[in-house]
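In what follows, a structure is listed as structure tokens, so that the remarks can point back to it.
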Amino acid sequence: MHKLLGLLMASFFALYGLMSMFTFNERGESGAGGEGGAGGEGEGEGGTGEGGAGSGEFSVPESYQDKEYLKDIKSYDDLYKAFDNAQTLIGKRPGGMPQENATDEEWNAYLDSVRPESAEKYEFAEVDLPEGYTRDERMEKSVKEIFHKAGISPRQAKIIQENYDKLVGERHAEMVNENGKQDQNFEEMTKELFGERKEEAVGNAKKMMNDMAPEKFKEHIAQLSNEDLVVMASILDQVHEKYIKEDGPGGGGAGGSGETTRDKREKASKLRQSVAYKDPFHLDHVDTVKQVNDLYAAL
């Protein structure tokens, strides 16, 4: 943009240079002829004169001498070349963004001057992605095609992509932090409600929800609030304790009749070797540990 502006200004000074060749002196005599020579007021034929191009001297007006785009203009010939280049560029490039009522041809001409030749020419910046995230090349390809269709310049595309990736990373960090707070809140609520039985009560509730919830609704359980989950865990734990518990007098569990001390020891030993007993994340872990404890307590 600065280069184009410089060329436009150079065009102006080219015109200025042309006009200076035909200036008139204070007496109204043509600077291009007459006894005053090309310079206006002179000392006879071929006189040096003042202020004209005929003197052979060239200088940029003092108020413009610090302009970067005029640093290479040393003569009228340089000025004419710059003027010619500016005219060529003006003919190739639209003057600016079209109005809203512009034709499709006008818009396409403008967008073609801004966007790269093809979508593949866009270069995306490397941004540190959150742990677990990887770049999706198919997605990037689609985004570049959208940028190209919209007429986004390569510089704008890189700014949009870089800042969007950073925004995704920041949002991911916020979600991780929020999930951590929710987990901590759930732990505190269940500990307050169940006390030392927290692990057992929550384990009972998880097992019953996994066994009894319809398959197509299981994914909705994860979307329940902490308060809803705690209420459900409390209800299911009480149902388990009152109606499903297999142990106790008269049952077939640890305290059931017909089992000798040796039977109980062997049963407890067998349960301790099971996956459910060894794996704390197993759905039957809590029940299995309780059975083992009850068996040893009944010896």
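The values are calculated or read from the model by the stated rules, or taken from the named source; none is laboratory data. A quick note: this is a predicted structure, and the numbers were derived from the prediction, not measured. Counting neighbours? That spans all protein chains shown, and the Cβs are built from the backbone with ideal geometry, glycine included. To get the accessible areas, we keep the full protein, side chains included, count just its heavy atoms, and leave off ligands, DNA and RNA. Shrake-Rupley method; radii C 1.70, N 1.55, O 1.52, S 1.80 Å.
Summary of values
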quantity	calculated
Output for the range 218-237, where each listed residue is of a type outside the set (Ser, Thr, Tyr) and under 31 Å from the mean Cα position of the chain (by Cα)	GLU219, HIS220, ALA222, GLN223, LEU224
Odd one out for LYS206, checked against (1) of a type outside the set (Asp, Glu); (2) open to solvent by 90 Å² or more (accessible area, probe 1.4 Å); (3) more than 30 Å from TYR277 (Cα to Cα); (4) modelled with pLDDT under 85	(3)
Among the residues listed as HIS282, HIS240, the single one being assigned to a helix (DSSP H, G or I) and either at pLDDT below 85 or open to solvent by 30 Å² or more (accessible area, probe 1.4 Å) (or both)	HIS240
Residue, most open to solvent (accessible area, probe 1.4 Å), within the range 209-232, restricted to residues that are among the small types (Gly, Ala, Ser) and more than 24 Å from TYR243 (Cα to Cα)	ALA222
Residue match in the range 99-112 (condition: closer than 30 Å to ASN204 by Cβ, among the hydroxyl-bearing types (Ser, Thr, Tyr) and surrounded by 13 or more Cβ atoms within 10 Å (Cβ to Cβ))	no
Top-ranked residue in the range 50-72 [being polar (S, T, N, Q) and surrounded by 10 or more Cβ atoms within 10 Å (Cβ to Cβ); ranked as modelled with the lowest pLDDT]	SER55
Filter pass, SER274 being hydroxyl-bearing (Ser, Thr, Tyr), at pLDDT 80 or above and loosely packed, with under 14 Cβ neighbours inside 10 Å	no
Filter result for ARG115 (open to solvent by less than 60 Å² (accessible area, probe 1.4 Å), basic (Lys, Arg), part of a loop (DSSP other than H, G, I, E, B) and free of Cβ contacts under 8 Å to residues at least 60 places away in the same chain)	yes
Members of the range 125-140 found to be exposed (fewer than 11 other Cβ atoms within 10 Å of the Cβ) and not in a helix (DSSP H, G or I), listed by number	GLU126, ASP128, GLU131, GLY132, THR134, ASP136
Of residues in the range 246-267 being modelled with pLDDT under 85 and within 23 Å of GLY203 (Cα to Cα), the one nearest to the chain's Cα centre (by Cα)	GLU246
Scope the range 179-203; condition charged (D, E, K, R), open to solvent by 90 Å² or more (accessible area, probe 1.4 Å) and either closer than 30 Å to ASP128 by Cβ or touching a residue at least 24 places away in the same chain (Cβ under 8 Å) (or both); matching residues	LYS181, ASP183, GLU199
Residue match in the range 141-160 (condition: within 28 Å of GLU227 (Cβ to Cβ), part of a helix (DSSP H, G or I) and either in contact with a Lys or Arg (Cβ under 7 Å, 6 or more places away or on another chain) or not polar (S, T, N, Q) (or both))	no
One residue from VAL231, VAL168 being modelled with pLDDT of 80 or more, touching a Leu at 6+ places or on another chain (Cβ under 9 Å) and not small (Gly, Ala, Ser)	VAL168
Close pairs from the range 275-291: first farther than 11 Å from GLU199 by Cα, partner part of a loop (DSSP other than H, G, I, E, B) and open to solvent by less than 60 Å² (accessible area, probe 1.4 Å), Cβ under 7 Å, at least 6 apart	ALA276/ASP284; THR288/SER274; GLN291/ASP247; GLN291/GLY253; GLN291/ALA254
Residue that is farthest from ASP284 (Cα to Cα) [pool: residues in the range 175-217 that are over 40 Å from the mean Cα position of the chain (by Cα) and acidic (Asp, Glu)]	GLU192
All positions within the range 285-299 that are open to solvent by 60 Å² or more (accessible area, probe 1.4 Å) and within 17 Å of ALA201 (Cα to Cα)	ASN293
